[in-house]
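Colleague: Below is one structure. I have some questions about it.
The values are calculated or read from the model by the stated rules, or taken from the named source; none is laboratory data. Note that this is a predicted model, so its numbers are computed, not measured. Reconstructed Cβ throughout: ideal geometry from the backbone, glycine too, with neighbour counts over all protein chains shown.
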Amino acid sequence: MTADNILTVDGLSVSYGKFNAVQNVSFSVRKGEIFGLLGPNGAGKTSTLSAVEGLLKPQAGTIVVDGNDAASKPLHARASLGVQLQSTSFQTELFVIEVLQLYAGIYGVPASKSDLMATLREINLEDSAMKKFGELSGGQQQRVSLVIATIHNPRLVLLDEPTTGLDPQSRRQLWERIEAIRERGHAVLLTTHSMEEAESVCDRIAIIDHGRVIAIDTPQGMIDKHKSDPEVIAVSRRGRITLEDVFIALTGKAIRS
Ligand SMILES: Nc1ncnc2c1ncn2[C@@H]1O[C@H](COP(=O)(O)OP(=O)(O)OP(=O)(O)O)[C@@H](O)[C@H]1O
Ligand SMILES: [Mg+2]
């Protein structure tokens with residue numbers, strides 16, 4: 001890996017029994033980069049993130065997080081990570097403020113109650129501090145879970161569909177928080193089904209399909225490379241070629257099972 005890489009995934013394969021969900025996937029995420037993993041349902045995005053998080057043991061391949069090999073130094077690798085899963089269910093009976101206190105404690109972050117209240121104020125949930133986590137709406141829960149994923153200021157933040165279900169205001173704010181991570185020189189690896197979002201916020205993207213990486217580039221680089229492909233022009237609907245057109249042309253129009 002080069003010194004600028006905060007994550008290197010090389011030849012990663014993940015299987016569930018006999019089914020190969022991720023096959024020989026390689027990519028790297030650099031410091032100060034927002035990297036998007038795009039792909040149809042079932043492409044292998046969550047499986048890839050789970051392997052990076054150490055939740056799934058890969059069949060093959062190496063994962064290096066912040067200089068630490070995830071297989072031989074899993075605790076070191078995990079210490080550099082902040083993780084927001086696709087569906088997070090925290091202790092739903094705890095008050096929101098207690099959930100934050102719990103995770104600050106787990107990560108060893110010295111945060112007083114008033115620090116945590118200030119954090120809740122930032123995501124406009126100060127008035128919900130004494131609500132049970134399970135009583136928050138889905139989008140409100142997601143806002144809390146992003147705060148928890150970044151509470152220890154990790155060098156690499158993994159976000160699985162962070163904006164799914166968020167209203168436009170919350171989505172904007174979430175992107176500001178993600179961009180602030182980039183400005184600190186840290187890195188973000190996320191998945192999204194919003195091609196518009198990927199186009200406007202990700203520095204680089206990988207398109208993954210049937211468990212394999214089929215393209216890695218900047219969003220604009222990918223558009224430029226494919227904008228004259230007849231398949232891309234055929235699916236284009238907006239007068240100009242978008243990342244979504246390229247995505248549909250590369251992965252096909254069929255809806256996945
Ligand atoms: N625990 C599991 N056991 C068996 N198969 C699984 C398991 N988790 C995922 N799979 C399969 O692995 C493949 C990849 O799933 P994965 O969740 O990684 O896709 P994804 O790209 O995150 O999709 P989505 O966009 O729908 O979240 C799918 O075919 C899925 O059915
Ligand atoms: Mg997924």
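Colleague: Out of LEU81, LEU37, LEU100, which single residue is closer than 11 Å to LEU156 by Cβ, of a type in the set (A, V, I, L, M) and touching a helix residue (DSSP H, G or I) at 6+ places or on another chain (Cβ under 7 Å)?
Modeller: Details: LEU37 fails: closer than 11 Å to LEU156 by Cβ; LEU100 fails: closer than 11 Å to LEU156 by Cβ.
Result: LEU81 is the single residue among LEU81, LEU37, LEU100 that is closer than 11 Å to LEU156 by Cβ, of a type in the set (A, V, I, L, M) and touching a helix residue (DSSP H, G or I) at 6+ places or on another chain (Cβ under 7 Å).
Colleague: Checking the structure you have, find out if any residue of region 187-194 is over 13 Å from the mean Cα position of the chain (by Cα) and within 18 Å of LEU37 (Cβ to Cβ). Reasoning before the result, please.
Modeller: The initial filter retains those residues of region 187-194 that are over 13 Å from the mean Cα position of the chain (by Cα), namely none.
No, there is no match, as no residue in region 187-194 is over 13 Å from the mean Cα position of the chain (by Cα) and within 18 Å of LEU37 (Cβ to Cβ).
Colleague: Please work out which one of (1) under 22 Å from HIS193 (Cβ atoms); (2) of a type outside the set (Gly, Ala, Ser); (3) without any contact (Cβ under 8 Å) to a residue 40 or more places away in the chain is the condition LYS113 fails and give its number.
Modeller: (1)
Colleague: Quick one: which residue in GLY105, GLY61 is of a type in the set (Gly, Ala, Ser) and exposed (fewer than 13 other Cβ atoms within 10 Å of the Cβ)? Steps first, please.
Modeller: Details: GLY61 fails: exposed (fewer than 13 other Cβ atoms within 10 Å of the Cβ).
When all the criteria are applied, what remains is GLY105.
Colleague: Could I ask something else about it? Can you tell me which residue is farthest from THR163 (Cα to Cα) among those in region 1-56 that are surrounded by fewer than 16 Cβ atoms within 10 Å (Cβ to Cβ) and among the hydroxyl-bearing types (Ser, Thr, Tyr)?
Modeller: Result: THR2.
Colleague: Take region 212-254 and flag every residue that is of a type in the set (Val, Ile, Thr) and without any contact (Cβ under 8 Å) to a residue 40 or more places away in the chain. Talk me through it step by step, then tell me what you get.
Modeller: Step one: list which residues in region 212-254 are of a type in the set (Val, Ile, Thr), which gives 213-214, 216, 218, 223, 232-233, 235, 241-242, 246, 248, 251.
Those that are of a type in the set (Val, Ile, Thr) and without any contact (Cβ under 8 Å) to a residue 40 or more places away in the chain: ILE214, THR218, ILE223, VAL232, ILE233, VAL235, ILE241, VAL246, ILE248.
Colleague: Within region 179-191, identify whether any single residue is at pLDDT 95 or above, touching a helix residue (DSSP H, G or I) at 6+ places or on another chain (Cβ under 6 Å), more than 21 Å from LEU125 (Cα to Cα) and crowded, with 20+ Cβ neighbours inside 10 Å, and answer yes or no.
Modeller: Yes - at least one qualifying residue is present in region 179-191.
Colleague: So, one more: Is it the case that some residue within region 200-215 is part of a helix (DSSP H, G or I), closer than 17 Å to THR48 by Cβ and in contact with a Leu (Cβ under 8 Å, 6 or more places away or on another chain)?
Modeller: No, region 200-215 has no match at all.
Colleague: Would you mind stating whether GLY39 is within 15 Å of ligand 1 (Cβ to nearest atom) and not aliphatic (A, V, I, L, M)?
Modeller: Values: within 15 Å of ligand 1 (Cβ to nearest atom): yes; not aliphatic (A, V, I, L, M): yes.
Yes: the conditions hold for GLY39.
Colleague: Just to be sure before I move on: is LEU85 modelled with pLDDT under 95 and within 16 Å of ligand 2 (Cβ to nearest atom) in the structure I sent? Give the steps one after another, and end with the answer.
Modeller: Working: modelled with pLDDT under 95: yes; within 16 Å of ligand 2 (Cβ to nearest atom): yes.
Judged against the criteria, LEU85 is a match.
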